[in-house]
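Asker: Please find one structure pasted underneath; my questions will follow.
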Amino acid sequence: MTAGITQDSTQNKLILLFVFDKMETAMTASTILDLCTYKNNWIDYANCVNTLSELERNNFIYKTYVNGGGDPLYDLTTEGRVCLAHFYVRIPSSVREVISATIKKSRIEYRRRQDYIANYQKREDGSYDVTLRIEEATKVTLEIHLNVMTRNTAKYIEKRWQDKAATVYTKLQDILVE
């Protein structure tokens, strides 16, 4: 079997647990859906949403909020890890290999997309407020608010944030700690 859509509820649960284990970080629902359904076709959308809810309801994953707001993050519980350790062999080895290789290749991209957040909003005076954030599983590491004059500038900053966030954070810290 290749890593294609499965309708097997148990296998879907194990696949999601395996994905959490391989990502080694908490993930938003949109990251999980993008990884498992849109980009890789491991689980269809409806089954992925249902499986995520079932795993949470059965205490195999838990949901947290960074500073009490934003999109919730999901991560494995001890029970989820134990379950996966006992039953991961029920995921065909070819599927495990595909998932492992895919996540190894794309882990940093998904972490950036999820942890480096940028958005902008138009103000009454016609300028734009740009908010840039670096979030970890339980806290906001950095939040910067900028005011720029044009929408194009706001969009440009928003687009570049994922590639530049780590550098900005490091340089800012170096400057302030000197």
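Asker: How about K122: which aspartates and glutamates have a C-alpha closer than 16 Å to its C-alpha, ignoring those fewer than 8 places off in the same chain?
Answerer: Within the straight-line cut-off, K122 pairs with E158.
Asker: If amide H atoms are built 1.01 Å from N in the plane of the peptide, which residues on other chains or at least 5 residues away come under 5 Å of the amide H of L142?
Answerer: HN-HN under 5 Å from L142: I134.
Asker: Sticking with this one: Under 13 Å from the Cβ of R57, count the other residues' Cβ atoms, weight Lys and Arg +1, Asp and Glu -1, and hand me the total.
Answerer: Net local charge, R57 excluded: -1.
Asker: How large is ³J(HN,Hα) for each residue in region 118-123, as worked out from phi by the Karplus curve 6.51 cos²θ - 1.76 cosθ + 1.60 (θ = phi - 60°), to whole Hz, x for Gly and Pro?
Answerer: After applying 6.51 cos²θ - 1.76 cosθ + 1.60, I find 9, 7, 9, 8, 6, 9 Hz.
Asker: Can you list residues from other chains, or at least 5 along the same chain, whose modelled amide H is less than 5 Å from the amide H of I61?
Answerer: E56, T77
Asker: Give the peptides 9-17, 170-178, 103-111 in descending order of average Cβ contacts within 10 Å, highest first.
Answerer: Listed from highest to lowest mean packing, they are 9-17, 103-111, 170-178.
Asker: Now, a different point. So, counting K/R as plus one and D/E as minus one, what does the shell of residues with Cβ under 11 Å around P72 add up to?
Answerer: Taking every Cβ under 11 Å from that of P72, the sum is -2.
Asker: Next question, about the same structure. Going by a ≥ b ≥ c, the root eigenvalues of the Cα gyration tensor, does region 89-172 fall in the rounded group (a/c under 1.5), the prolate group (a/b larger than b/c) or the oblate group?
Answerer: Since a/c reaches 1.5 and a/b is larger than b/c, the shape of region 89-172 is classed as prolate.
Asker: HN-Hα J couplings of region 162-170 from phi, Karplus 6.51/-1.76/1.60, θ = phi - 60°, integer Hz, Gly and Pro as x?
Answerer: Ordered by residue, 3J(HN,Hα) equals 4, 7, 10, 4, 4, 5, 4, 4, 4 Hz.
Asker: Can you list the HN-Hα couplings for region 83-96, worked out from phi with the Karplus curve (6.51, -1.76, 1.60; θ = phi - 60°), rounded to whole Hz and with x for Gly and Pro?
Answerer: For region 83-96, the Karplus curve yields 4, 4, 4, 7, 10, 4, 5, 6, 8, x, 4, 5, 5, 4 Hz.
Asker: Can you give me the angle between helix 9-23 and the longest principal axis of the chain, using Cα atoms only, in degrees from 0 to 90, rounded to the nearest 10?
Answerer: 40
Asker: Local charge sum around E143 (other residues, Cβ-Cβ under 13 Å, Lys/Arg +1, Asp/Glu -1)?
Answerer: Residues near E143 contribute -2 overall.
Where a number appears in this text, it was derived from the coordinates with a stated rule and is not lab data. If you're wondering where the values come from, they're calculated on a predicted model, not measured in any experiment. In this analysis, Cβ positions are derived from the backbone assuming ideal geometry, glycine residues included, and neighbour counts consider all displayed protein chains.
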